[in-house]
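A short write-up of the structure that comes next.
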There are 2 protein chains.
Amino acid sequence: MVSVTENTEQKIIDAACKVFILKGMDGARMQEIADEAGINKALLHYYFRSKNKLFDRVFVEIFSGITTLLSEVVSNSTDIVELIDNMIHNYIHLISERPFVPDFVLHELNRNPQLIVEQIKLNGIDFSKFQQLIINAVTQNKIRPINPIHLVVNILSMCIFPFVAKPIIMGFMLNGDEDKYQHFIDERTEHVTTFIKNSLFINPAEK
Amino acid sequence: MVSVTENTEQKIIDAACKVFILKGMDGARMQEIADEAGINKALLHYYFRSKNKLFDRVFVEIFSGITTLLSEVVSNSTDIVELIDNMIHNYIHLISERPFVPDFVLHELNRNPQLIVEQIKLNGIDFSKFQQLIINAVTQNKIRPINPIHLVVNILSMCIFPFVAKPIIMGFMLNGDEDKYQHFIDERTEHVTTFIKNSLFINPAEK
DNA sequence: ATTTGTTTTAACTGTTTGGTTAAATCGAAT
DNA sequence: ATTCGATTTAACCAAACAGTTAAAACAAAT
């Protein structure tokens, strides 16, 4: 009988993820989530007492997917080249599968910045190891001197922004052609990787 | 008597900009906009019949500010170095003054991608001249070969993303320290400029 | 057969919200 | 003095919405 409960709970969370990601907290409707989950509103409130509680649960679920990946990338990388390759490849790959997640996360975080506090408690990323890998590369003269924070933001920017800005890119640069956009995304991993390495490495041979 | 009308209309638009940018279309309330404008709800509907009409007007206002800047940058730049310098400087400067605009624009554009169609009609950016400047630089061997679209997206990403991702940057990298974030933003223009030039120019002396 | 937790049904409450209406006021222009 | 558009006041409407409730149905475990 436990399985029934977990099943329904998961069905609700999946449905809530979908609706919240597409509509945001303000735009989402409890009725729509119930419909999407194939249940009724009463049962929805039976499992999650309020919209806020459901949202919090869903947000943790979604955000932890992102931070978990970042943690794995950091711990699986031993030098700066690996770090860059893994980070760019895995991030673009992850987001490609759920392209509306970044807009959702960023928007809700701006709407309620305090959400980040809970997330840090739950998914503490050791940003220090991150920084250390970069500092090591700089001190060993493998790359140009660079502020680690700027570098990380640069990488995240170029990986995430193309998905958030899809309407702009398609509208102004690709004549609304969805195929061209998909092609652009397919090229993106390799392009960003070489673009960043070109900037970091003084001698291109070292790549 | 005309002046009174225009005055009030502008007061409403200013107030609506503020509220819509902070709360988004779904989160904004007509009463709050009326309060912010120092008028009552009846007068608000007297000027703009519906929330949608008001939103459309406001969105045009905000978005055209962005595209206008981009147009000016393009037409005021004669070579790739000028283009990069102007674009990065002006964009970060513009957004610094209204840091919540990017999240608003991107979120509403994803919520309703058709908005971009109207904007293209109103503010047709000649992206072709943009591309031409980059292609010229490539064929003249001034910079490494690069897909112009990727380059533009790279520049926009690194300029805009830091503002959209403020909560993440502050939370995970700057220990929630607002002063450090401001310092990070202050450095940003110069950093992005050199980061991109380092990537583009094979010989650093050419910069 | 009874119990227990899950799910449905269906109606309902209370509040928020976008939008309307009508009458009154006010200010400037004629 | 009158006219006309701008503005306020205050009440109102209808729809949407989050959340509740109670009774019944159901399914599995005891």
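The values are calculated or read from the model by the stated rules, or taken from the named source; none is laboratory data. Please read all numbers here as calculations on a predicted model, not as lab measurements. Please note: Cβ atoms are built from the backbone with ideal geometry, for glycine as well, and neighbour counts cover all protein chains shown. Note: accessible area is taken over every heavy atom of the protein model, side chains too, but ligands, DNA and RNA are not part of it. Shrake-Rupley method; radii C 1.70, N 1.55, O 1.52, S 1.80 Å.
Hey, which lysines would be in cross-link range of B:LYS142, C-alpha to C-alpha under 21 Å, not counting anything within fewer than 8 residues on its own chain?
Straight-line reach from B:LYS142, under 21 Å: A:LYS197, B:LYS129, B:LYS197, B:LYS207.
Would you mind getting the accessible area per residue of the protein assembly as shown, heavy atoms of the protein chains only, 1.4 Å probe, in Å²?
Ligands and nucleic acids excluded, the figure is 47 Å² per residue.
Just counting partner chain Cβ atoms within 10 Å, what average do the residues of peptide A:194-203 show around their Cβ?
That average works out to 4.
Just give the residues from segment B:147-176 buried by at least 50 square angstrom of accessible area in the all-chains context relative to the isolated chain, probe 1.4 Å, and say none if nothing qualifies.
Output list: B:ILE149, B:HIS150, B:VAL153, B:ASN154, B:SER157, B:PHE161, B:PRO167, B:ILE168, B:PHE172, B:MET173.
Using a 1.4 angstrom probe on heavy atoms only, work out the carbon and sulfur share of the accessible area of the protein assembly as shown in %.
Its accessible area is 51 percent carbon and sulfur atoms.
Quick one: angle between helix A:101-111 and the longest Cα principal axis of chain A, in degrees between 0 and 90, rounded to 10, please.
80 degrees
Among the aspartates and glutamates, which fall within straight-line cross-link reach of A:LYS51, defined as a Cα-Cα distance under 14 Å, with same-chain neighbours fewer than 8 residues apart omitted?
A:ASP26, A:GLU32
One decimal, nm, shortest first: give the distances between the label point of A:LYS180 and those of the same position in the other copies, each label point 7 Å from Cα along Cα→Cβ.
Result, one decimal in nm: 4.2.
Using only the alpha-carbon atoms, how far is helix B:51-75 inclined from the longest principal axis of chain B? Give it as 0 to 90 degrees, nearest 10.
Result, in degrees: 20.
Taking the Cα centre of the protein assembly as shown as origin, sum charge times position over the Cβ atoms of Lys and Arg (+1) and Asp and Glu (-1), and report the length of that vector in debye to the nearest 20.
My answer is approximately 420 debye.
Where does the protein assembly as shown land on Rg(C-alpha)/(2.2 N^0.38 Å)?
Its radius of gyration relative to the 2.2 N^0.38 Å reference: 1.05.
Distance in nm between label sites at A:ASP56 and B:GLU32, each 7 Å beyond Cα in the beta-carbon direction?
Result: 2.1 nm between the two label points.
Take chain A, connect every pair of alpha-carbon atoms lying under 10 Å apart with a spring to form a Gaussian network, then pick out the residue of A:PHE184, A:PHE63, A:PHE104 with the largest mean-square fluctuation.
Per the Cα network of chain A with a 10 Å cutoff, A:PHE184 tops the list.
At 10 °C and 1.306 mPa s, what whole-number value in µm²/s does Stokes-Einstein give for the translational diffusion of segment B:60-206, with Rh from the Kirkwood sum over Cα pairs?
Taking Rh from Cα pairs, D becomes 96 µm²/s.
With an 8 Å cut-off on Cα pairs and a minimum separation of 6 or more residues, tell me the relative contact order of chain B in percent.
Relative CO of chain B lands at 20 percent.
Taking each pair of distinct Cα atoms in segment A:1-49 once, what is the resulting Kirkwood hydrodynamic radius in Å?
10.7 Å
Suppose every Lys and Arg Cβ carries +1 and every Asp and Glu Cβ carries -1, with no other charges. What dipole size does segment A:109-172 come out with about its Cα centre, to the nearest 20 debye?
120 debye
Need the per-residue list for segment A:97-119: every residue with at least 40 Å² less accessible surface in the complex of protein chains than in the chain by itself, probe 1.4 Å, sorted by number.
Residues of segment A:97-119 that lose at least 40 Å² of accessible area once the other chains are added: A:ASP103, A:LEU106, A:HIS107, A:ASN110, A:ILE116.
Obtain the nm distance between the two label points defined at A:ASP186 and B:SER128 by a simple spin-label model: each point lies 7 Å from its Cα along the Cα-to-C-beta direction.
Simple spin-label model gives 2.7 nm for this pair.
If each of B:GLU97 and B:SER75 carries a label point 7 Å out from its Cα toward its Cβ, how far apart are those two points in nm?
About 1.9 nm separates the two model spin labels.
Treating the beta-carbon of each Lys and Arg as +1 and of each Asp and Glu as -1, no other charges, what is the dipole magnitude of chain A about its Cα centre, to the nearest 20 debye?
The dipole of chain A has a size of about 560 debye.
In square angstrom and rounded to 100, what buried accessible area do you get between chains B and A, total over both, with the probe at 1.4 Å?
Buried area (both sides, nearest 100 Å²): 4800 Å².
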